[in-house]
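Student: This is the structure, below, for whatever I ask next.
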Amino acid sequence: MSAAEAGGVFHRARGRTLDAFPAEKESEWKGPFYFILGADPQFGLMKAWSTGDCDNGGDEWEQEIRLTEQAVQAINKLNPKPKFFVLCGDLIHAMPGVKVVFSGHYHRNAGGTYQNLDMVVSSAIGCQLGRDPHGLRVVVVTAEKIVHRYYSLDELSEKGIEDDVMDLIKKK
């Protein structure tokens, strides 16, 4: 898609209202609000930075986990509550034990593998930019493996999760 075509997508959306929230509460401007933006928890960087080995360190996340929990606790105490919370930037610095990274935003299914790390990109619930149906990805994590399947919204509504995937969920 060219930049002009992409711009057209946004242009067509102007003036529309959002139906995701009750109309009386959220679809029209009601005045000022606030949201919280958090950036770069970058799990693993604090140890790597302190040891001076940012290329190989990062196998410990304790400090970042503690600080992230502190951030969530602080946000939960706010009154009035923020409308939403956005977390952006680098989420992790090093990936101890991570085998698969899941993401979206590409508006189509995609992925690949690099040095035993799988990248799985899930298509959108909303606007499709490829040939994939509107859908969701079901991810099952067991002690041995990670299994994922993309389901169209119709398929998931009508048939549910496939038996072989459900069997993984039921194992203890």
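Student: Kindly indicate the residue of region 91-113 that is among the hydroxyl-bearing types (Ser, Thr, Tyr) and not in a loop (DSSP other than H, G, I, E, B) and also least open to solvent (accessible area, probe 1.4 Å) among those meeting that condition.
Tutor: Ser103
Student: Then there's this: Looking only at region 139-150, which residues are out of contact with any Ser or Thr (no Cβ under 9 Å at 6 or more places or on another chain) and under 13 Å from Asn109 (Cα atoms)?
Tutor: Correct list: Arg149 only.
Student: Any idea which of Leu87, Leu37 is modelled with pLDDT of 85 or more, open to solvent by 60 Å² or more (accessible area, probe 1.4 Å) and in a strand (DSSP E or B)?
Tutor: Result: Leu37 is the single residue among Leu87, Leu37 that is modelled with pLDDT of 85 or more, open to solvent by 60 Å² or more (accessible area, probe 1.4 Å) and in a strand (DSSP E or B).
Student: Which is loosely packed, with under 12 Cβ neighbours inside 10 Å, of a type in the set (Asp, Glu) and either more than 20 Å from the chain's Cα centre (by Cα) or modelled with pLDDT of 75 or more (or both), of Glu64, Glu60, Glu28?
Tutor: After applying the criteria, what remains is Glu28.
Student: Among the strands (runs of 3 or more DSSP E) confined wholly to region 114-172, which include 1 or more residues that are over 20 Å from Val100 (Cβ atoms) and open to solvent by less than 70 Å² (accessible area, probe 1.4 Å)?
Tutor: Because the criterion is at least 1 residues that are over 20 Å from Val100 (Cβ atoms) and open to solvent by less than 70 Å² (accessible area, probe 1.4 Å), the strands (runs of 3 or more DSSP E) in region 114-172 that meet it are 146-152.
Student: Still on this structure, I have one more. I need every pair where a residue in region 27-48 that is touching a residue at least 24 places away in the same chain (Cβ under 8 Å) has its Cβ under 9 Å from the Cβ of a residue that is among the basic types (Lys, Arg) and surrounded by 11 or more Cβ atoms within 10 Å (Cβ to Cβ), sequence separation at least 6 or different chains.
Tutor: none
The values are calculated or read from the model by the stated rules, or taken from the named source; none is laboratory data. These numbers come from a predicted model, not from an experiment. FYI the Cβ positions are ideal-geometry reconstructions off the backbone, even for glycines, and counts take in every protein chain you see. Please note that ligands, DNA and RNA were not included when accessible areas were found on the heavy atoms of the full protein model with its side chains. Shrake-Rupley method; radii C 1.70, N 1.55, O 1.52, S 1.80 Å.
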